[in-house]
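Heads up: the structure comes next, in structure tokens.
The values are calculated or read from the model by the stated rules, or taken from the named source; none is laboratory data. As the structure is a prediction and not an experimental result, all values here were calculated from the model. Cβ atoms come from the backbone with ideal geometry, glycine included; neighbour counts cover every protein chain shown. Remember, those area values only see protein heavy atoms, side chains included, never the ligands or the DNA or RNA. Shrake-Rupley method; radii C 1.70, N 1.55, O 1.52, S 1.80 Å.
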Amino acid sequence: PQLPADLLAEATAVARQIIDQTGRGNALAALAPRLPAGLVAEALATAPQITHDYFRAQLLAALAPRLPDGQQQQAWAHALAAAGQITNESARAQRLIALVPTLPAAMLPEALAAAGQLTDQSARALVLATLAPRLPDGQQQQAWIETLAVVEVTDRSSREEILAALAGSIADLP
């Protein structure tokens, strides 16, 4: 069941008034897939007010597919930039992993560069395992090699998580 348009408008207005940035970003991101065009624009106007990079990236990624073509690329670029600014490497990797499946192909080189900036080998390997199936053959092969190299030297918990991500990525191959 869908919320009627007037209730979506009210829910969006309430979400935009949430003082806590985390809550505001989460609420608007959850509403994004259901919002009509006018409310998508309102939610997008809220994104710059969210200074927490993780939640700004989440909101922009939720809104980007709903935007007109001319605005989508910019929203994706801002989402990727916000994800790249997350200081906690585990959180940055989580946000990059969340972006990868829906990121436009033209933005994949930027996502690969962002993965390369991760100094935590396990975090980088997780992003690469998710990213690899979407990369061109040469880059894909390099991503697999780097990911498997980390599996060989990392701790058991990280190894299991990386192998699970690899298994999921391999299952997604055509």
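In this structure region 52-129 gives 42 Å² per residue of accessible area when probed at 1.4 Å with all protein chains present. When the alpha carbon gyration tensor of region 1-134 is reduced to an equivalent ellipsoid, its three semi-axes come out at 28, 16, 12 angstrom, largest first. In this calculation the C-beta distance from residue 77 to residue 37 is compared with R0 = 22 Å, giving a FRET efficiency of 0.60.
If you look at the Cα atoms of region 55-174, you get an Rg and a Dmax of 14.0, 45 Å.
Just the number, please: carbon plus sulfur as a percent of the accessible area of region 110-174, 1.4 Å probe, no ligands or DNA/RNA counted. Could the numbers behind the result be given before it?
Numbers: 1880 of 3580 Å².
That share works out to 52 percent.
Note on region 106-174: Cα-Cα pairs beyond 14 Å make up 53% of the total pair count.
If one takes the longest principal axis of the Cα atoms in the chain, at what angle in degrees, from 0 to 90 and to the nearest 10, does the Cα axis of helix 5-16 lie? So the inclination is approximately 70 degrees.
FRET efficiency for the residue 19 to residue 88 pair, using the beta carbon distance and R₀ = 22 Å, is estimated at 0.45. Ranked by the mean number of other Cβ atoms within 10 Å of their residues, highest first, the peptides 112-119, 76-83 fall in the order 76-83, 112-119.
With the convex hull of its Cα atoms as the shape, region 92-145 has an orientation-averaged projected area of 3.2 nm². Working from the Cα coordinates of region 31-89, the gyration tensor eigenvalues give, after taking √(5λ), semi-axes of 20, 12, 9 Å in decreasing order. Note on the chain: helix-only mean residue ellipticity at 222 nm, from DSSP H runs of 4+ residues weighted -39500 (n - 2.57) and normalised by residue number, equals -22500 deg cm²/dmol.
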